[in-house]
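Please read the structure below before turning to the comments.
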Amino acid sequence: DINAKNIVRWIINNSSTDRVVDIESSDSKFISFKKEDSIFFNIEYDCSFLGSRNLIDVKNYRFAIIDGFIESISEIHHMLHFAAQNKEPHVLFCFGMSEEVKNTIIQNNSKGITQILPVSMTIDEDTINILNDIALIHSSDIISSMKGQTISQEMRKELKIGEYMTFTRKGFKIK
């Protein structure tokens, strides 16, 4: 069908990793396209880092994408030190963390020592491949023990910088 070919051609010509193209069909004759520079992840994650706020925006944040669980403070010690020293916002994407790690981050944030916003998720059908999507958006890699990496070693390195992110209680948006 010539219409299908034109649609696919338009998608190919207007798509990139820098934006999202949503294709919505209301019926068989009408298709709408929406091009955006950000993507919203409508997922459940630990929102306790938001405190009493419903929304937090961060710009020029350092980030780490961790394929795993953060067990102890020593794993992220260097990142905590860097965040406290330079007062730059940090985002951690991970599959959970211990209560010790969680409480330390919350206390440091509440005292104004750091601004660290973890996206701490559980592994389920909705999140099984989410780290790959987040890494693609950030043009970054995932820290993984499968590649011989440890969290503590990777936290010693200078973390990459993301452009803009919004946290809500229903998910998060990455530009």
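How would you rank 150-163, 65-78, highest first, on the average number of other Cβ atoms within 10 Å across their residues?
Taking the mean over residues of other Cβ atoms within 10 Å, the ranking is 65-78, 150-163.
Give a residue-ordered list of calculated ³J(HN,Hα) values for region 146-162 (Karplus: 6.51 cos²θ - 1.76 cosθ + 1.60, θ = phi - 60°; whole Hz; x for Gly, Pro).
5, 9, x, 8, 10, 4, 4, 5, 6, 6, 6, 7, 6, 7, 5, 10, x
Just the accessible area per residue of the chain, please: how many Å² with a 1.4 Å probe?
Heavy-atom SASA per residue in the chain reads 60 Å².
Amide H neighbours of residue 68 under 5 Å, counting only residues 5+ apart in sequence or on other chains, H built in-plane at 1.01 Å?
It is 95, by chain and number.
Could you tell me the calculated FRET efficiency between residue 6 and residue 149, based on Cβ-Cβ distance and R0 = 41 angstrom, to the nearest 0.05?
After rounding, the FRET efficiency stands at 0.35.
Residue by residue through region 81-97, what is 3J(HN,Hα) from phi via Karplus (6.51 cos²θ - 1.76 cosθ + 1.60, θ = phi - 60°)? Round to whole Hz and write x for glycine and proline.
Going residue by residue, I get 4, 4, 5, 6, 6, 9, 6, 8, x, 10, 10, 10, 9, 7, 9, x, 7 Hz, with x marking Gly and Pro.
At R0 = 22 Å, how high is the FRET efficiency between residue 107 and residue 59 if r is their beta carbon distance? Nearest 0.05 is fine.
0.40
Roughly how many whole Å is it from the C-alpha centroid of region 113-156 to that of region 39-107?
11 Å
Provide the three semi-axes, in whole Å and in decreasing order, of the ellipsoid equivalent to region 38-175 as defined by the square roots of 5 times the Cα gyration tensor eigenvalues.
Ellipsoid half-lengths, sorted descending, are 19, 18, 15 Å.
Looking at the chain, send over the antiparallel percent of its DSSP beta bridges, to the nearest 5.
Given both bridge residues lie in the chain, the antiparallel proportion sits at roughly 70 percent.
The values are calculated or read from the model by the stated rules, or taken from the named source; none is laboratory data. For clarity, every value in this text was computed on a predicted model and none was experimentally measured. FYI the Cβ positions are ideal-geometry reconstructions off the backbone, even for glycines, and counts take in every protein chain you see. Heads up: the accessible areas ignore ligands, DNA and RNA and are worked out on the full protein's heavy atoms, side chains in. Shrake-Rupley method; radii C 1.70, N 1.55, O 1.52, S 1.80 Å.
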